[in-house]
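The values are calculated or read from the model by the stated rules, or taken from the named source; none is laboratory data. As the structure is a computational prediction, the values presented were derived from the model and not from experiment. Cβ placement follows ideal geometry from the backbone for every residue including glycine, while neighbour counts extend to all protein chains displayed. Areas reflect the complete protein model, heavy atoms only, side chains present, ligands, DNA and RNA absent. Shrake-Rupley method; radii C 1.70, N 1.55, O 1.52, S 1.80 Å.
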Amino acid sequence: MLQGKKILLGITGSIAAYKTAPLIRLLKKEGVDVQVVMSESACDFITPLTLATLSQRTVVTTGFEVANGEWHSHIEMGNWADVMLIAPVTANTLGKMANGLADNILVATYMACKCPVFFAPAMDLDMFHHQSTQGNIQKLLSYGNHLIAPREGELASGLVGAGRMEEPENIVEALRGWFMQSQDFTGKKVLVSAGPTYEAIDPVRFIGNYSSGKMGFSIAESFARRGADVTLVAGPVSQSCSSDIHRIDVTSAEQMFQNCMEAFQEADIVVMAAAVADFTPARVSPVKIKKSSATLVVELEPTLDILKEMGRQKREDQKLIGFALETDNEKENAHAKLLSKNCDLIVLNSLNDKGAGFGHSTNKITIISLDGDDYAFDLKSKEAVAEDIIDAIAQLSRNDLSII
Ligand code: CTP
């Protein structure tokens, strides 16, 4: 199950860092490719040379090697990994991760990661039980990160209680279990659309919207991690995605229509998260429009509704999921969209919810199903929201939405 997986192992400054040597050996025996990233203080507990020898990869301890000018990209490492495991994680690093203090290569890499993150705390029992540590753990869980809880037992201080990092064998078991249960879309072809579209007015101007593409990209990443063969049709965004996703970049609603309809024929599941423009200029000026008059009228004509067209062509074996971004009569409008576009589910975003919709890294959704029920979720990170949406799709495929 772990054979061929790529794991980024982040190590921070705790005595439990010595356990990462047997942990790496166990992972290597399973056929895992391990890339170690260490905080500066972790190097006081175990040497990078030991871990480089065991992992057969250069250990990264800094963003920039003063000796030879070599630069380690936290973005590249974040994109490379199937999973990031931070073990041991100290109270200090937990606080940085929870609050976005990326002052070292390890936390910068954590923040650049698109993959699931597991963290295994190690600290003295009073530090572990402190409100700030517990608050930080709750924050990380709300970001969709996975806790490998510490054990009760004798601690390095001589005290006895919770705070011992979980044993390497059990950490490997937790990862194995997660990979096993998380491959539920293996063999499925999934099409996801994301981002805005830009509708050209002239060579330098366009009509667009504020969509960042984050929600659609998170959905594509989660599907890929869960074994699906993912095609992502992306509007103009600055997001990056992992290399196992087949990404098609488009600009206009027309290009999004062409590429989505082509991929649709092959798809088992389609999630239209893109904010496609509803109107496009009737004529595109081949030259820059000069401000020759006091007013300018741009005539717009409707674009093709991709989701609606898919709903029309949908086969029995396909599942179609749309989004609805609403400002008023949210549920009624979303339910009407579900029916008029012949979808199986609609994911509703209300712009009245703080932290939801465009531009945020969080979202708050309600999933509207054909049985007339709606399932409201709390405000979460877009990664965690993507998992909720995909869990709902998994249950839809099993004809059981009751446990969303
Ligand atoms: N959509 C689409 N093609 C379009 C417009 C929208 O496929 N030309 C899809 C979006 O990707 C989304 C869903 O339709 O999944 C709903 O988009 P939304 O903008 O909320 O609704 P519209 O149908 O455009 O209706 P309105 O703007 O009037 O609310």
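Descriptive notes on the structure:
- About the Cα centre, charge dipole magnitude for the stretch 1-114 (Lys/Arg +1, Asp/Glu -1 at Cβ), debye: 440 debye
- What you get for the chain, charging only the Cβ of Lys and Arg (+1) and of Asp and Glu (-1), is a dipole of about 640 debye around the Cα centre.
- If both residues of a DSSP beta bridge must be in the stretch 176-319, then about 25% of such bridges are antiparallel.
- Applying the Karplus relation 6.51 cos²θ - 1.76 cosθ + 1.60 with θ = phi - 60° to the stretch 227-241 yields 3J(HN,Hα) values of x, 6, 9, 9, 10, 10, 9, 10, x, x, 9, 9, 7, 10, 9 Hz, where x marks Gly and Pro.
- Taking every DSSP bridge with both residues inside the chain, close to 35 percent are antiparallel.
- 222 nm mean residue ellipticity, helices alone, for the chain (DSSP H n ≥ 4; -39,500 (n - 2.57); rounded to 500): -10000 deg cm²/dmol
- Whichever aspartates and glutamates have a C-alpha closer than 16 Å to that of LYS29, once near sequence neighbours (fewer than 8 apart) are set aside: GLU169, GLU173
- Annotation: amide H-H contacts under 5 Å for PHE206 (H modelled 1.01 Å from N, sequence separation of 5 or more, or interchain): ILE201.
- The residues of the stretch 6-181 expose on average 44 square angstrom of accessible surface per residue, using a 1.4 Å probe on protein heavy atoms.
- Restricting the stretch 268-319 to GluC sites (Glu not before Pro) that sit in a DSSP loop and have at most 10 other Cβ atoms within 10 Å of their own Cβ leaves GLU299, GLU316.
- Diffusion coefficient, µm² s⁻¹, Stokes-Einstein with Kirkwood Rh over alpha-carbon pairs of the chain at 37 °C and 0.692 mPa s: 142 µm²/s
- Mean accessible surface per residue for the stretch 286-404, computed with a 1.4 Å probe while every protein chain stays in place, in Å²: 56 Å²
- The chain, accessible surface, carbon-and-sulfur percent (1.4 angstrom probe): 51 percent
- What the phi angles of the stretch 346-355 give under the Karplus curve with 6.51, -1.76 and 1.60, with θ = phi - 60°, is a coupling list of 10, 9, 9, 10, 9, 6, 7, 8, 5, x Hz, glycine and proline written as x.
- Of the chymotrypsin sites (Phe, Trp or Tyr not before Pro) found in the stretch 163-218, those that fall in a DSSP loop while having at most 16 other beta-carbon atoms within 10 Å are TYR210.
- Within the chain, longest stretch free of exposed trypsin sites (Lys or Arg not before Pro) [DSSP loop, at most 11 other beta carbons within 10 Å]: 1-282
- Span from the the stretch 98-157 Cα centroid across to the the stretch 197-239 one, whole angstrom: 31 Å
- Within a straight-line Cα-Cα reach of under 27 Å, LYS290 cannot be paired with any lysines, leaving aside sequence neighbours fewer than 8 residues apart in one chain.
- Proximity of backbone amide H atoms, modeled 1.01 Å from N, is registered between GLY10 and VAL37, LEU85, ILE86, ALA87 at under 5 Å, excluding neighbours fewer than 5 places apart on the same chain.
- Highest mean first, the peptides 345-351, 265-271 sorted by other C-beta atoms within 10 Å per residue fall in the order 345-351, 265-271.
- Eligible aspartates and glutamates near LYS337 by straight Cα distance, threshold 12 Å, same-chain separation 8 or greater: ASP305, GLU326
- DSSP beta bridges in the stretch 6-181 [antiparallel fraction, %, rounded to 5]: 25 percent
- Applying 0.36 nm per residue to the separation of GLU316 and GLU332 and subtracting their alpha-carbon distance, the gain on full extension is 3.2 nm.
- Residues whose placed amide H lies under 5 Å from that of HIS146, excluding near-sequence neighbours: VAL117, PHE118, PHE119
- Ordering ILE269, SER285, ILE306 by the projection of their Cα atoms onto the charge dipole of the stretch 267-323, which places +1 on the Cβ of Lys and Arg and -1 on the Cβ of Asp and Glu, puts SER285 at the extreme positive end.
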